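Taken together, the values in this text are just the output of simple stated rules run on the coordinates, not laboratory data. Nothing here was measured: the structure is a model prediction, and the numbers come from that model. Note that each Cβ is placed from the backbone with ideal geometry, even for glycine, and that neighbours are counted across all protein chains shown.
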């Protein structure tokens, strides 16, 4: 008998979920409300699509696991994405000072536009799996009851029609109607938490200046401990010889949408290097602003009652402040959990959905703790205040970050965790604890750790005399 899985949403999480299911069923139907572009173009259903996105090493590894024989790194690089070694290819001003650059091996991350990444993943899944199709449809909700989901209801003319399925995955993103759908199934409400620092993103794309092709990714991070709104800025190399410049500010420190105000905001950051770089670069777009940046967590894994054959992944499960760059990798890790479970027992084994949700919660927990422990500290943040455990974690993290400004072992631990290669336990290993207690081995860097050639590039671009 033919087996079918239905995935709601053709974004990154949905396509990776489809890949995970493709070896366990005969047919995977991905239902998408939006018209999908034929190439790497932005689409309406991804509100954060025009802002900076980072694909961490842990997420990239999960993607490769989902589609056997596919080298996603090579595919993305061939499409124009950039690969950034965290140890040497990133220029970062943390709240504790400039992070040094080390000529050592470590995790890499991929940078490109979200439009390119979504398109490349969608094409990779469709080209390298069997039985996966994408269909335009308006999903009204899962069919079934509190005990078991049997398919989905979709709009059909003036009414609705059911599409039967042996497994349904909600990967419909930030706009998921999961609470409404659960009520329709008769499932008790799932606990949900929102932490909103009021973050606003403002992004503009520039032509990468000649000679700046190898200039490091540059970021000035926000300081959650300063008692004032957080402000940050990033210059991100992306495909087609462009820089994506993304600013972010929490409630009371939002970046403006006008070009002059955009530049001035960069110059008013704790270090003006972002503004100095772009002051001599050619803008290619207007400033795009987005406000859908709150952290939202649905504790599906803790639900007292959950229907069989219904799984929630990606932003439908948890969304994060995009400043931390972990949402896409968390979605990939969740899809890998789904793939592992269906390979082990098939899509109709009892308890599958529960096991997937518990497994997917682990990377969510790690990213949530990182984002929320910072965001609750900003003035006028909504959704809770730091508790005793938060204060303890913050104190240790600050000391670790301060140590990382002049200690390779501490920096390596931070990179391993933020890239989602390892869990937070990496920060409590004896070698990391000893390094943190000992403090930085090198004195603080008084200025950005640039090479002579990079300093020449910066001087050539600087039109503001920073």
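If contacts are Cα pairs under 8 angstrom and at least 6 residues apart, what is the relative contact order of the stretch 147-211 in percent?
Across the stretch 147-211, relative contact order equals 18 percent.
Give, in nm to one decimal, the length gained when the segment between residue 396 and residue 135 is fully stretched (0.36 nm per residue of separation minus the Cα-Cα distance).
Result for the pair: 89.1 nm of gain on full extension.
Restricting to the stretch 137-274, compute how many DSSP beta bridges are antiparallel as a %, nearest 5.
Antiparallel bridges make up about 100 percent of those DSSP assigns within the stretch 137-274.
Mind giving me the FRET efficiency for residue 192 and residue 446? R0 is 56 Å, r the Cβ-Cβ distance, nearest 0.05 is fine.
Plugging the Cβ-Cβ distance into 1/(1 + (r/R0)^6) gives 0.75.
Return one number: the angle in degrees, 0 to 90 and rounded to the nearest 10, between the long axis of the Cα atoms of helix 114-128 and the longest principal axis of the Cα atoms of the chain.
40 degrees
Take peptides 313-325, 245-257 and line them up by average Cβ neighbours within 10 Å, highest first, as a rough protection proxy.
Going by the mean number of other Cβ atoms within 10 Å, highest first, we get 313-325, 245-257.
Obtain the nm distance between the two label points defined at residue 288 and residue 177 by a simple spin-label model: each point lies 7 Å from its Cα along the Cα-to-C-beta direction.
With each label point 7 Å from Cα toward Cβ, the separation is 2.6 nm.
Calculate the spin-label point distance for residue 225 paired with residue 299, positioning each point 7 Å from the Cα along the beta-carbon direction, and give it in nanometres.
2.9 nm
Full extension from residue 164 to residue 103: what is 0.36 nm times the residue separation minus their Cα-Cα distance, to one decimal in nm?
Stretched out fully, the residue 164 to residue 103 stretch lengthens by 16.5 nm.
Starting from the Cα of residue 422, step 7 Å toward the Cβ, then list every residue of the stretch 331-350 with an amide N under 13 Å from that point.
Counting backbone N atoms under 13 Å from the label point, the list is empty.
With a 10 Å radius around each residue's Cβ, average the other Cβ atoms per peptide and rank 236-243, 331-338, highest first.
So the order, starting with the most tightly packed, is 331-338, 236-243.
Against the longest principal axis of the chain, how steep is helix 408-418, in degrees 0 to 90 to the nearest 10, with axes from Cα atoms?
30 degrees
DSSP beta bridges in the chain, what fraction antiparallel, as a percent rounded to 5?
Given both bridge residues lie in the chain, the antiparallel proportion sits at roughly 70 percent.
Given labels modelled 7 Å from the Cα in the Cβ direction, how far is it in nm from residue 464 to residue 147?
The answer from the label model is 6.5 nm.
Relative contact order (percent) for the chain, with alpha-carbon contacts under 8 angstrom and 6 or more residues of separation?
RCO, the chain: 21 percent.
Take every Cα pair under 8 Å in the stretch 278-392 that's 6+ residues apart, average their separations, divide by the length, and report that relative contact order as a whole percent.
So the answer I get is 26 percent.
Pull out a ≥ b ≥ c, the square roots of the eigenvalues of the alpha-carbon gyration tensor of the stretch 13-167, then state rounded if a/c is under 1.5, prolate if not and a/b is larger than b/c, and oblate in the remaining case.
prolate
Once you order the gyration tensor axes a ≥ b ≥ c over the Cα atoms, which shape class does the chain get: rounded for a/c under 1.5, otherwise prolate or oblate by comparing a/b with b/c?
Prolate is the answer for the chain, as a/c is 1.5 or above and a/b outweighs b/c.
Arranged from highest to lowest average of other beta-carbon atoms within 10 Å per residue, in what order do the peptides 376-384, 185-193 appear?
By packing density, highest mean first, the sequence is 376-384, 185-193.
Determine the shape class of the stretch 249-292: with a ≥ b ≥ c the square roots of the Cα gyration tensor eigenvalues, call it rounded for a/c under 1.5, and otherwise prolate if a/b is greater than b/c, oblate otherwise.
oblate
Per DSSP helix of 4 or more residues, -39500 (n - 2.57); summed, then divided by the residues of the chain. What does that give at 222 nm, rounded to the nearest 500?
Here the helix-only value at 222 nm equals -10500 deg cm²/dmol.
Tell me the angle of helix 452-461 to the major Cα principal axis of the chain, expressed in degrees between 0 and 90 and rounded to the nearest ten.
Rounded to the nearest ten degrees, it is 80.
Once you have the Cα-Cα distance between residue 369 and residue 36, take 0.36 nm times their residue separation minus that, and quote the gain in nm to one decimal.
116.5 nm
If R₀ is 30 angstrom, what is the calculated FRET efficiency for the pair residue 127 and residue 348, using the beta carbon separation as r and rounding to 0.05?
E(calc), rounded to 0.05, equals 0.60.
Tell me, how many Å apart are the Cα centres for the stretch 355-422 and for the stretch 78-153?
Taking the Cα centre of each part, the stretch 355-422 and the stretch 78-153 sit 21 Å apart.
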